[in-house]
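Worksheet for the structure shown next.
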Amino acid sequence: MAETLNPFENMKKQVDKVAGMMNMDENIVKILKSPMKSILVSLPINKDDGSIEVFEGFRVQYNDALGPCKGGIRFHQGVTIDEVRALAGWMTWKCAVSGLPYGGGKGGVIVDPSKLSEKELEKLARRYIYAISEEIGVEKDIPAPDVNTNPKMMGWMIDTYCRVKGTASIGVLTGKPINLGGSAGRVEATGRGVRFAAEVAAKNMGLDMNGARLIVQGFGNVGSIAARLMVKECGCKIVGASDVNGAIYDNNGLDIDKLIKLTETDGTIKNYDGGERISNEELIEKECEILVPAALENVITSKNAKNINTKLIVEGANGPTTPEADKILFEKGIWVVPDILANSGGVIVSYFEWVQNIDHYYWPEERVNNELKEKMFQNTQAVIDMAKKYNTDMRDGAYMIAMERVADGIKIRGIFP
């Protein structure tokens, strides 16, 4: 079958592959490949210049066999309904492989946030959550931040939801500011989870992280935090980093503190003093021991997989590797910690936040990080063991665990009516 860059089709390919390996009931597989509900909303806002602009938004609730749906909201000019369906599916498997009592959901708005003023962005965020307010709830569907959304925007959304519903319940959204019921450790959770998953995988494959050359493609919130922790705590040497403005590479090492400071002050690493300026595509193929793709989908395909020169890939982004590329990487002996496992730290700590909101009791950051570490270590080892049992890659192993859990939930519940 020809390679496709449609993320939803690629996700279904993976489901079919694993279902075949596990001899799953084909009727259950039909459900596993079918999003439960896809919501399209029209979002008109009054702009600062007095004009009205209408944006298009989505919310997909993929499967709720194991609990209420859970998943972020991304604001991006390239968002499509198929991308959101794929992301909601990946959230289903991510929650299941993490052992969380959640199903999967995802939201998106087609917009370039950089072209809106802060006031316009607030109006759009509020309008979006208003438009889907009947579809979400603390025991129904719990959104969170994703690409180009953040705790501040969650605050606007919580305020809108509570005013519309006449409630003070704040557990309907996670990734909130601390003083609105957010959890300590949530901002760093996804990047920290990548660091924990990398440690377990490296140990199992006999790779010493101390001194290991690290490349991070996508030096945003997830990539920069993962890089900092892997350098400071594990002894890695970062030799390459990139963002939307291009990539910087130096085999002798980059200064992680300078890179982090630039992201905080300039919002980009393009003004880094030193290193070789190359393209994102070139960076992916540079030699290193650990590669963290932490940007968007489809950066490793059948076209460049044969040129990937690393030992371990830890997916900070969702869907960065196509199924065809997976096959090539596995044949080359490159370990790939898949997205539904590697970047699950965010949803795990979102779960902790949800629990804290329900209990009205909040944990110190040390407890959050320790609980996250325990879960990531346990889940990563379970996936490695499953992959070894079936002599396959870690993506298959992760899907095996996740799909079996969701399938069991469907069977136990039965089909309504």
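Summary table below
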{"quantity": "Of all residues in the stretch 328-355 being within 22 Å of the chain's Cα centre (by Cα) and free of Cβ contacts under 8 Å to residues at least 60 places away in the same chain, the one that is nearest to Tyr102 (Cα to Cα)", "calculated": "Val355"}
{"quantity": "Inter-residue pairs, beta-carbon under 8 Å, first at pLDDT below 95 and in the stretch 231-252, second in a strand (DSSP E or B), 6+ apart", "calculated": "Gly246/Arg277; Gly246/Ile278"}
{"quantity": "Restricting the stretch 93-133 to residues that are touching a residue at least 24 places away in the same chain (Cβ under 8 Å) and polar (S, T, N, Q), the residue that is farthest from Glu53 (Cα to Cα)", "calculated": "Ser98"}
{"quantity": "Flag for Lys270 being modelled with pLDDT of 95 or more and either farther than 19 Å from Leu229 by Cα or part of a helix (DSSP H, G or I) (or both)", "calculated": "no"}
{"quantity": "Of the criteria (1) assigned to a helix (DSSP H, G or I); (2) crowded, with 24+ Cβ neighbours inside 10 Å; (3) not charged (D, E, K, R), which one Gly175 fails", "calculated": "(1)"}
{"quantity": "Condition check for Gly108: in a strand (DSSP E or B) and within 24 Å of Lys165 (Cβ to Cβ)", "calculated": "yes"}
{"quantity": "Cβ-Cβ under 8 Å pairs, at least 6 apart or on other chains, the stretch 253-267 side farther than 17 Å from Gly218 by Cβ, far side among the small types (Gly, Ala, Ser)", "calculated": "Asp255/Gly274"}
{"quantity": "Close pairs (6 angstrom Cβ cut-off, 6 or more residues apart or separate chains): polar (S, T, N, Q) in the stretch 173-199, assigned to a loop (DSSP other than H, G, I, E, B) anywhere", "calculated": "Thr190/Asn343"}
{"quantity": "Scan of the stretch 1-54 for residues that are of a type in the set (Gly, Ala, Ser) and within 14 Å of Thr322 (Cα to Cα), ordered by number", "calculated": "Ala2"}
{"quantity": "Residues satisfying the stated conditions in the stretch 259-279, i.e. of a type in the set (Ser, Thr, Tyr), in contact with a strand residue (DSSP E or B) (Cβ under 7 Å, 6 or more places away or on another chain) and loosely packed, with under 13 Cβ neighbours inside 10 Å", "calculated": "Ser279"}
{"quantity": "The stretch 12-49: number of residues that are surrounded by 12 or more Cβ atoms within 10 Å (Cβ to Cβ) and assigned to a helix (DSSP H, G or I)", "calculated": "14"}
{"quantity": "Given (1) at pLDDT 95 or above; (2) under 27 Å from Glu233 (Cβ atoms), index of the condition Arg277 fails", "calculated": "(2)"}
{"quantity": "Test: residue in the stretch 70-82 that is in a helix (DSSP H, G or I) and either more than 26 Å from Ile415 (Cβ to Cβ) or in contact (Cβ under 8 Å) with a residue 40 or more places away in the chain (or both)", "calculated": "yes"}
{"quantity": "Subset of the stretch 126-157 (residues that are in a loop (DSSP other than H, G, I, E, B), among the hydroxyl-bearing types (Ser, Thr, Tyr) and over 21 Å from the mean Cα position of the chain (by Cα))", "calculated": "Ser133"}
{"quantity": "Total residues in the stretch 375-404, condition among the charged types (D, E, K, R) and surrounded by fewer than 17 Cβ atoms within 10 Å (Cβ to Cβ)", "calculated": "4"}
{"quantity": "Positions within the stretch 303-343 being of a type in the set (Lys, Arg) and under 16 Å from Ile284 (Cβ atoms), in sequence order", "calculated": "Lys303, Lys306, Lys311, Lys332"}
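So that you can scan it fast, the table gives a plain yes or no per residue for (1) surrounded by 15 or more Cβ atoms within 10 Å (Cβ to Cβ); (2) closer than 19 Å to Ala212 by Cβ; (3) among the hydrophobic types (A, V, I, L, M, F, W, C):
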position	(1), (2), (3)
Glu281	no, no, no
Ile290	yes, yes, yes
Val336	yes, yes, yes
Leu341	yes, no, yes
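The values are calculated or read from the model by the stated rules, or taken from the named source; none is laboratory data. All values derive from a computational prediction rather than experimental measurement. Methodologically, a virtual Cβ is constructed for each residue, glycine included, from the backbone with ideal geometry; neighbour enumeration extends over all protein chains shown.
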